[in-house]
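Enquirer: Below: one structure in structure tokens.
Each reported figure results from applying straightforward, stated rules to the coordinates on display, with no laboratory input. Keep in mind the model is a prediction, meaning the values are calculated, not measured. Don't worry about glycine lacking a Cβ; one is built from the backbone with ideal geometry, like all the others, and counts go over all protein chains shown.
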């Protein structure tokens, strides 16, 4: 089982990495088509991670905020909200506000871009580590809302 999970994780990393480094200057797609294709590919990575119960994956995505939830104030404080990807998959975003600024202007219906660590759960998954690691031992994540980056 561990070998299967490792193979799936390596496949996802390679797939996402390959699609992020496709040459765009020679593309036959317009900028909006290229952007849509990139978002679709990221949605596919989240979909694959969900279907395969994968976790500990650094993934980038974007979606629409469907619900702003109360902050989690037990232990490290987290701003929490639900995002719906273009594919229809829902994700919980858990943004550590002890380590990164809160996205104060966030509202239902807003578009948000994010990069963090995906963890599988039965409801679609959680993305966390959307901030810098003070110790420098974890890959830095971020949220982007209305052109401003939060990390």
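Enquirer: Arrange 143, 69, 99, 59 by Cβ neighbour counts within 10 Å, fewest through most, would you?
Expert: With the fewest neighbours first, 143, 69, 99, 59 line up as 69, 99, 59, 143.
Enquirer: Let me make sure I get this right: for the stretch 47-86, a, b and c are the square roots of the gyration tensor eigenvalues over alpha carbons, sorted descending. Under 1.5 in a/c it's rounded, otherwise prolate if a/b > b/c, else oblate. Which is it?
Expert: oblate
Enquirer: Explain nothing, just the number: relative contact order of the stretch 93-151, from Cα pairs under 8 Å at least 6 residues apart, as a whole percent.
Expert: Computed value for the stretch 93-151: 37 percent relative contact order.
Enquirer: Between the stretch 102-151 and the stretch 46-99, what is the separation of their alpha carbon centroids in Å?
Expert: Comparing the Cα centres of the stretch 102-151 and the stretch 46-99, I get a distance of 7 Å.
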